Amino acid sequence: MNIAVFASHGGSDLQAIIDGCKNNKINAKVVVVISNNGNSMALQRAKNEKISAYHMSAKKYGCEEALAQEILAVLSKYDVDMIFLAGYMRMLHVSVLKKYNNRIFNIHPALLPKFGGKGMYGMNVHNAVINAGETETGVTIHRVNAEYDSGEIVAQTKVPVIENDTPEILAARVLEREHEFLVEVISDISEGKIILG
Ligand code: GRF
């Protein structure tokens, strides 16, 4: 299974996927990394691992449609079977969603459907969880459709919220769990336990 990972910032989730493949915990390969942010650490991490890495943005190609065509060309070039959005801060164009229907997954740092939707990303999520007085949060992996955080949930795991947690402390606990959980769930996808397409 050939995986494309899209990421915008730090890329620690990307690194967990790459390591999972290298350690044979995932029977698949990250063949290409795409970022909308030219300064993303994710691009650097890909280069360090000798994985093809592309900075692709609407600004660079003129409009969203042109970007989507370029993205589709890259995905086809690397014979991509599955796309994983690991901290990708943009909505994918409908042409990409259509072509890879049911083959695109996103990771969200909370227990969807709670704490999802537009604006619910990064520290906003953990702030909202703490402000709501939740005693548990978690990680959700879901299929991607044209609405933020609303595609079919394929896997969830819980993470405790501990008294006096700051959003930063909680974010770090959730991210650590993401790194393990990604490997478990992508492994299940690669073994056909979660169906593609
Ligand atoms: C993670 O919290 C993930 O849930 C969210 O973006 C973050 C990515 O972190 N979608 P990193 O860039 O992989 O370190």
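General observations
- Candidates VAL161, VAL154, filtered to the one that is open to solvent by 20 Å² or more (accessible area, probe 1.4 Å), under 14 Å from the mean Cα position of the chain (by Cα), free of Cβ contacts under 8 Å to residues at least 60 places away in the same chain and more than 11 Å from the ligand (Cβ to nearest atom): VAL154
- Filtered by the rule that a residue be open to solvent by 40 Å² or more (accessible area, probe 1.4 Å) and within 20 Å of LEU72 (Cα to Cα), segment 9-35 gives a lone residue, LYS29.
- Of ASP188, ASP149, all but one fail to be under 19 Å from MET91 (Cβ atoms) and either out of contact with any Gly (no Cβ under 8 Å at 6 or more places or on another chain) or open to solvent by 20 Å² or more (accessible area, probe 1.4 Å) (or both); the exception is ASP149.
- Taken together, TYR88, TYR54 contain a single residue that is open to solvent by 10 Å² or more (accessible area, probe 1.4 Å) and either in a loop (DSSP other than H, G, I, E, B) or under 24 Å from GLU152 (Cα atoms) (or both), which is TYR88.
- Boolean, ASN102 is over 16 Å from the mean Cα position of the chain (by Cα) and under 24 Å from GLU178 (Cβ atoms): no
- Inspection of segment 58-66 identifies no residue that is open to solvent by 10 Å² or more (accessible area, probe 1.4 Å), touching a residue at least 40 places away in the same chain (Cβ under 8 Å) and on the phi > 0 side of the Ramachandran plot.
The values are calculated or read from the model by the stated rules, or taken from the named source; none is laboratory data. Only a predicted model underlies this, so the values are computations on that prediction, with no experimental measurement involved. When we count neighbours, we look across all protein chains shown, and the Cβ atoms used for this are built from the backbone with ideal geometry, even at glycine. Just so you know, the surface numbers come from the protein's heavy atoms only, side chains and all, with ligands and any DNA or RNA stripped out. Shrake-Rupley method; radii C 1.70, N 1.55, O 1.52, S 1.80 Å.
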